[in-house]
Amino acid sequence: MLKVCYIITKLELGGAQKLALYTAEHLDKTKFESFIISGKGGILDKEALEKFKLLQLNSLVRKVSPFKDLKAIFEIYAILKKEKPDIVHTHSSKAGILGRIAAKFAGIKTVIHTIHGYGFNETQKWYAKYFYVYIEKFCAFITDRLIAVSKEDIRKGLCYKIAKDTKFTLIRAGIDTEFYKNYAYNTDFRNSLIQNKEAKIITTIGPFKPQKNLKDFIKAARIVADKTDNAFFLIAGDGDQRTELENLILSLNLKDKIVLLGWRKDIADILYASDIFVMTSLWEGLPCTILEAMCCSKPVIANAVDGVKEIIEENKTGFKVNPYDFQYTAEKILYLLQNESVMVEMGKSAKKSIGREFDINYAVKQQEELYFNLNKMKDNIN
């Protein structure tokens, strides 16, 4: 039996977290045992504590903090020396860096990292960007396999010489496709969100942080609201930027048009109640919320970044937008609102386009196979 340790920065309602927790829960129990290391303060902490052996560290935080980061490395190292896992599998940029360094010092046989987008991106200052590029290179050197959730992450990794192509494996950050495609939606749920039965609902989902660029979603909403009285906007999520976003909503006089739902677990209900899904992120790996929206037959309007470019087929399942072009986002929202038959057909095409490749149960099987193969390879070498 192989013992697997998953390390992730914080257990929020995000794609990386969902993949790590789902994999840990659904590994073949006759062949694997697992435990998780994470920081504290995530919305999924309580749920994870009930299901898994979860070891949480105050030192493992998202923001760069030299003292806490060094402390986290030593604390993760101590846990790994005690627990002696065969495999360490890290998720998210921060945990990916600290966890892999600790695993190397602890002498872990097999170290794997899933790239949910890199720690560097085009919005950073050049010196900050290349600082993270070099960190990614170093961490890749001490990693046995890099799992990419999108082909774009592999292409970017090769472009910046993070690692050779033989070190990358494509395993999509999937969702439970059958659950979303066959979900029994209660039509009364829509009334609990918006009282106006004739309203069209445009939704986005994500934590309130700079990466998600929710200000552009709000600015696009203002343009749409100027053209039609029938559109309402939902934002599911929460985070550090809440006050900032609330102030923007007030300054644009959108208090009656935008609802901040907070963290929600009834995502399928929200998506089925919606008409259009929008994502204004500046970088992504492979956003699970887009896959979920498409499985719920929703056309998607999203910034054309990273893995997003691979799942939206222009004019067929949605529209791809250049980052920061919220005017174009608004234009495409209005186009779909004014052409309902196109909106419905795009939604149907979106649902059909999400196949087995994006199913999380398939991803679990792919990871199990990878664990065995890498472990066997290490045994043969030793």
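Leu11 fulfils the conditions (1) crowded, with 20+ Cβ neighbours inside 10 Å; (2) in contact (Cβ under 8 Å) with a residue 60 or more places away in the chain except for a single criterion, (2). For the stretch 146-162, the count of residues that are surrounded by fewer than 17 Cβ atoms within 10 Å (Cβ to Cβ), touching a helix residue (DSSP H, G or I) at 6+ places or on another chain (Cβ under 8 Å), of a type in the set (Lys, Arg) and farther than 25 Å from Leu13 by Cα is at least one.
Let's see how each residue does on (1) over 18 Å from the mean Cα position of the chain (by Cα); (2) among the polar types (S, T, N, Q); (3) assigned to a helix (DSSP H, G or I):
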{"residue": "Thr123", "(1), (2), (3)": "yes, yes, no"}
{"residue": "Ala128", "(1), (2), (3)": "yes, no, yes"}
{"residue": "Ile147", "(1), (2), (3)": "no, no, no"}
{"residue": "Gly157", "(1), (2), (3)": "yes, no, yes"}
{"residue": "Ala163", "(1), (2), (3)": "yes, no, no"}
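Just a yes or no: is a residue in the stretch 28-44 assigned to a helix (DSSP H, G or I), surrounded by fewer than 22 Cβ atoms within 10 Å (Cβ to Cβ) and out of contact with any Ser or Thr (no Cβ under 7 Å at 6 or more places or on another chain)? For the stretch 28-44, residues assigned to a helix (DSSP H, G or I), surrounded by fewer than 22 Cβ atoms within 10 Å (Cβ to Cβ) and out of contact with any Ser or Thr (no Cβ under 7 Å at 6 or more places or on another chain): absent.
Identify, please: which residue in the stretch 327-342 is of a type in the set (A, V, I, L, M) and closer than 19 Å to Ile223 by Cα and is, among those, surrounded by the most Cβ atoms within 10 Å (Cβ to Cβ)? Looking at the filtered set, the residue picked out is Ile333. Every test in (1) assigned to a loop (DSSP other than H, G, I, E, B); (2) under 23 Å from Gly174 (Cα atoms) is passed by Thr289 save one, and that test is (1). Only residues that are free of Cβ contacts under 8 Å to residues at least 60 places away in the same chain, open to solvent by 10 Å² or more (accessible area, probe 1.4 Å) and either assigned to a strand (DSSP E or B) or in contact with a Lys or Arg (Cβ under 9 Å, 6 or more places away or on another chain) (or both) were counted in the stretch 230-245, giving 5.
Quick grid of which residues meet (1) within 23 Å of the chain's Cα centre (by Cα); (2) among the β-branched types (Val, Ile, Thr):
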residue	(1), (2)
Lys84	no, no
Val88	yes, yes
His113	yes, no
Val133	yes, yes
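Answer with yes or no whether Ile258 is farther than 24 Å from Ile360 by Cβ and either small (Gly, Ala, Ser) or open to solvent by less than 30 Å² (accessible area, probe 1.4 Å) (or both). The answer is yes for Ile258. Filter the stretch 169-200 down to the residues that are buried (at least 21 other Cβ atoms within 10 Å of the Cβ) and either modelled with pLDDT under 90 or not in a loop (DSSP other than H, G, I, E, B) (or both) and list them by number. Matches in the stretch 169-200: Ala173, Gly174, Ile175, Thr177, Tyr180.
The values are calculated or read from the model by the stated rules, or taken from the named source; none is laboratory data. This structure is a prediction, so every number in the text was calculated from the model and none was measured. No Cβ is skipped: glycine too gets one built from the backbone with ideal geometry, and neighbour counts run over all protein chains shown. Protein only, heavy atoms only, side chains kept; ligands, DNA and RNA dropped before computing areas. Shrake-Rupley method; radii C 1.70, N 1.55, O 1.52, S 1.80 Å.
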